[in-house]
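The values are calculated or read from the model by the stated rules, or taken from the named source; none is laboratory data. The shown structure was predicted, so the numbers you read here are calculated from the model rather than taken from an experiment. Cβ atoms come from the backbone with ideal geometry, glycine included; neighbour counts cover every protein chain shown.
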Amino acid sequence: MTRKLRRRKLMKKKQKLPKTTLQTLILSKSQFKKTTARTWVRDRGFKFAKLDEKTNTYRFRQLDPKRFQKKSFRTIAITKGVKAVIGRKKRILKKKSK
C-alpha cells in the first residue's frame, strides 16, 4: 500500500496523523560552502549557531534528539542539496496540582 493510500484511509477514518518536528537540517557540501550554508539556514529562520561538519554535509541541529521518541526519525528531501531529519516529540505528562 502506498503512502498516499494510507494517508487517504486515515483521513477517511478522521484519525489524526502523527505530528512531526524538525530535528536537524542537512546541507550538502557539493551544493553549499560553509558560509552560504549558514546564510541559507539563517535566512529561513532556523537556528544556525551550532554547525556540525561531516565528510559530505553540514548539519544544523535544531532540537536535542533526546526530546524525540525513539525510532520516530526519518530523513526527507527539502530542495536540491537540502534534507531534514524529522521525528515525533515525546509527550510530556503534566502533574495535576492539588
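Before moving on, here are some points about what is shown:
- Within region 50-65, the residues that satisfy the criterion of being touching a Lys or Arg at 6+ places or on another chain (Cβ under 9 Å) and either assigned to a loop (DSSP other than H, G, I, E, B) or within 13 Å of Thr21 (Cα to Cα) (or both) are Lys50, Lys54, Thr55, Asn56, Arg61, Gln62, Leu63.
- Yes/no for Lys90 being exposed (fewer than 14 other Cβ atoms within 10 Å of the Cβ) and either in contact with a helix residue (DSSP H, G or I) (Cβ under 7 Å, 6 or more places away or on another chain) or of a type in the set (Asp, Glu) (or both): yes
- Number of residues in region 49-76 that are of a type in the set (Phe, Trp, Tyr) and in contact with a Gly (Cβ under 7 Å, 6 or more places away or on another chain): the value is 2.
- Residue check, Lys29 at pLDDT 90 or above, of a type in the set (Lys, Arg) and at negative phi: yes
- Members of region 66-98 that are at pLDDT 95 or above, polar (S, T, N, Q) and part of a loop (DSSP other than H, G, I, E, B): none
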